[in-house]
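Q: Handing you a structure now.
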Amino acid sequence: MDETERARGRAEQSGPAPSPRSVDDGGGPAPLPRSVDDAVALLGGQGYVADASLGTALFLALELGRPLFLEGEAGVGKTELARSVAGALGKPLVRLQCYEGLDMAAAAYEWNFAKQMIHIRAAELGRDLEPGRGVQPGAGAAGSDGTRGEGSTHLSERGSLPAVEGDVFGEEFLIRRPLLQALDPADGVAPVLLIDELDRSDEPFEAYLLEVLSDFQITIPELGTIRAETPPVVVITSNRTREIHDALKRRCIYHWIDYPTAEREMAILASRVPEAPEGLSTQVVGFVRKVREMELFKRPGVAETLDWARALMALDRRVLDRETVNRTLGVLLKYQDDLEQLRRDGGLEEAMAGAE
């Protein structure tokens, strides 16, 4: 039995691939895989069709407690792998979406300034209302000589400001961002931490990640060092729009996810779009593979293949024909230049030949 038949069998038994379970579903964490085959089967249970190479990388990352660093073209399944791992292990998924200008405040933590100020003001008002310290009429207003009246109760004059300062740097004023959530989860369940599209962030942010990935800890000056009791499962993805520094890569298990073979892409379609007839899936995969051989600005990934198959099913198409292709190419290709290139110089005819 080949990959496609196995995937179709799983889909018929369990329906579409489930989404990752959250910590609220009562399922609890699942045991880690004990072999490469177990790792492949673990992903397969979530509808993710992995080859032995990817299964090996995942198994080693889990076994050695190292981050899994995935590179590859957009849409080949890097982010989906993290979701599938979270679902298979019964762990929550914490996602940090990287972008240009990402800093510690957005990635790790920041202080709730507004709440701190409210707390300080509430403490100040509480002192003002204590018996014997009430503000007298006109108290607190500056006199003609610039001094305050007798009833002035300025906070620093009462000597309570240091205590209030200590209060406002407690954990109740701390806003936990994804990195801190992953290292110190509120429910105590170590999650799967997805650091998505790291190549979109700036190089200084990579340097900050070194402490997190080396020792699984974050240092907060006001509170001290917070270390993970149980390190999270870390998956890092990159579309390789720029090179990631070697210092960070050395801490990871590296794997390049390429476009799948025809057989594996058929298996992915069978798993993710089980309602698609096998004949249509064969045509879709053949067409897409021909398109990927062309010089395009953005070649379609597996995500686009799945979207196109779902679109064809929504249009109730069971056979791929030229008219349907022309009407739905916007699902497969996302740039006007690519659309025009495919439609001229016999590109569409060549791709249709691959679907026969």
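Nothing in this text is a laboratory measurement; each read-out follows from the coordinates by a stated rule. Because the structure is predicted, anything quoted here is derived from the model rather than measured. Here Cβ is always computed from backbone atoms with ideal geometry, including for glycine, and neighbour counts include all displayed protein chains.
Q: Between residue 169 and residue 63, what's the calculated FRET efficiency when r is the beta-carbon distance and R0 is 30 Å? Round to 0.05. Each step should come with its number before you reach the end.
A: Numbers: r = 39 Å, r/R0 = 1.31.
The calculated FRET efficiency here is 0.15.
Q: While we're looking at this one, here's another question. Based on the mean of other beta carbon atoms within 10 Å per residue, what is the order of 73-81, 212-220, most packed first? Kindly include the intermediate steps, with their values, before the conclusion.
A: Numbers: 73-81: 21.1, 212-220: 17.3.
Those peptides, ordered most packed to least, come out 73-81, 212-220.
Q: Now for a different question. To the nearest 20 debye, what charge dipole does the range 193-318 have about its Cα centre, counting +1 at the Cβ of each Lys and Arg and -1 at the Cβ of each Asp and Glu?
A: Values: 17 positive and 22 negative charges, 114 e Å.
Here the range 193-318 has a charge dipole of around 540 debye.
Q: According to a simple spin-label model (label point 7 Å from Cα along Cα-to-Cβ), what is the distance in nm between residue 121 and residue 217?
A: 3.9
Q: Now, a different point. Near the amide H of residue 254, under 5 Å away, which other amide H atoms are found, from residues 5 or more places off or on another chain, if H is placed in the peptide plane?
A: 69
Q: Explain nothing, just the number: relative contact order of the range 275-354, from Cα pairs under 8 Å at least 6 residues apart, as a whole percent. Don't jump to the answer; show the numbers that get you there.
A: On the way: 68 pairs, mean separation 34.8, N = 80.
Here the relative contact order equals 43 percent.
Q: Order the peptides 182-194, 221-233 from the highest to the lowest mean number of other Cβ atoms within 10 Å of their residues.
A: So the order, starting with the most tightly packed, is 182-194, 221-233.
Q: Something else: Taking H placed 1.01 Å from N in the peptide plane, check which residues at least 5 places from residue 109 or on another chain put their amide H under 5 Å from its amide H.
A: It is 177, by chain and number.
Q: Give me a comma-separated list of calculated 3J(HN,Hα) values for the range 174-181, in order, Karplus coefficients 6.51, -1.76, 1.60 applied at θ = phi - 60°, integers in Hz, x for any Gly or Pro.
A: For the range 174-181, the Karplus-derived couplings read 8, 9, 8, 9, x, 5, 6, 4 Hz, x marking Gly and Pro.
Q: What lysines does residue 78 reach when the alpha-carbon gap must be under 23 Å and sequence neighbours fewer than 8 apart in one chain are set aside?
A: By straight Cα distance, residue 78 reaches 91, 249, 290, 298, 334.
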